[in-house]
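Taking it in order: structure first as structure tokens, then the write-up.
Each reported figure results from applying straightforward, stated rules to the coordinates on display, with no laboratory input. What you see is a predicted model; the values in this text were computed from it and never measured. Glycine gets a Cβ as well: all are built from the backbone with ideal geometry, and neighbour counts include every protein chain shown.
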Amino acid sequence: MELTHFNETGRARMVDVAEKSDTRRLAVAVGKVLMQSETLALIQQGRIAKGDVLAVAQVAGIMAAKRTWELIPMCHPLLLTGVDLSFSIKPEECSVELTATVSTTGKTGVEMEALTAVSAAALTIYDMCKAVDRGMTIESICLQTKSGGKSGHYQRGGKP
């Protein structure tokens, strides 16, 4: 497999996608934030002092997906057609699971945008809850599925 983000002298470059066809692109990324059971209860009860943790994390994730090209040097600026984040409370493991779904029609995929959305949302949960639980852990951020483009469909098998 050839790495495409290097020029002929081995220096970093942004890949030219001008000749690629526009196709419908979709990516889903997941992650989780582990915390104390008391912290999870405060989130569920809406009692975190900074506000509605999941609502703020959702907006942060959407904003981050839209600005991925400003954070990751070789990413192209993309016109995203959809960004959605969902959260699943898992009391049995004291965690919040995050899922970001990002879509566009374009010349390059949205995997990085989905991964960035999950990362920013997880960091936002940490930021909003750190006053009561500095021991939270962000983990298992990964691409779950992607479709569109020359490389076609990808589906993660098993645990990351």
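Which residue pairs have Cβ atoms closer than 9 Å, lie 6 or more positions apart in sequence or on different chains, and pair a first residue in segment 56-71 that is more than 9 Å from V118 (Cα to Cα) with a second residue that is among the basic types (K, R) and surrounded by fewer than 20 Cβ atoms within 10 Å (Cβ to Cβ)? Matching pairs, first to second residue: V56/K50. Within segment 62-79, can you find the residues that are over 14 Å from the mean Cα position of the chain (by Cα) and buried (at least 20 other Cβ atoms within 10 Å of the Cβ)? Result: L78, single match. Can you confirm whether segment 122-142 contains a residue that is part of a loop (DSSP other than H, G, I, E, B), among the hydrophobic types (A, V, I, L, M, F, W, C) and closer than 20 Å to V15 by Cβ? Checking segment 122-142: not a single residue is part of a loop (DSSP other than H, G, I, E, B), among the hydrophobic types (A, V, I, L, M, F, W, C) and closer than 20 Å to V15 by Cβ. Of the residues making up segment 80-121, those that are within 16 Å of the chain's Cα centre (by Cα), in a helix (DSSP H, G or I), over 23 Å from R24 (Cα atoms) and not hydroxyl-bearing (S, T, Y) number 2. So which residues in segment 80-133 are in contact (Cβ under 8 Å) with a residue 40 or more places away in the chain and among the polar types (S, T, N, Q), if there are any at all? Within segment 80-133, S95, T99, T101, S103, T104, T105, T108, T116, S119, T124 qualify. On the given criteria, is T101 among the polar types (S, T, N, Q), farther than 16 Å from E139 by Cα and touching a Lys or Arg at 6+ places or on another chain (Cβ under 8 Å)? So T101 does not fit the description; no.
Name every residue in segment 143-154 that is assigned to a strand (DSSP E or B) and either surrounded by fewer than 17 Cβ atoms within 10 Å (Cβ to Cβ) or free of Cβ contacts under 8 Å to residues at least 60 places away in the same chain (or both), in order of residue number. Residues satisfying the conditions are T145, Y154. If a residue must be more than 17 Å from E97 (Cα to Cα), surrounded by fewer than 13 Cβ atoms within 10 Å (Cβ to Cβ) and either under 22 Å from the mean Cα position of the chain (by Cα) or in contact (Cβ under 8 Å) with a residue 60 or more places away in the chain (or both), how many such residues does segment 36-55 contain? Summing the residues that are more than 17 Å from E97 (Cα to Cα), surrounded by fewer than 13 Cβ atoms within 10 Å (Cβ to Cβ) and either under 22 Å from the mean Cα position of the chain (by Cα) or in contact (Cβ under 8 Å) with a residue 60 or more places away in the chain (or both) in segment 36-55 gives 3.
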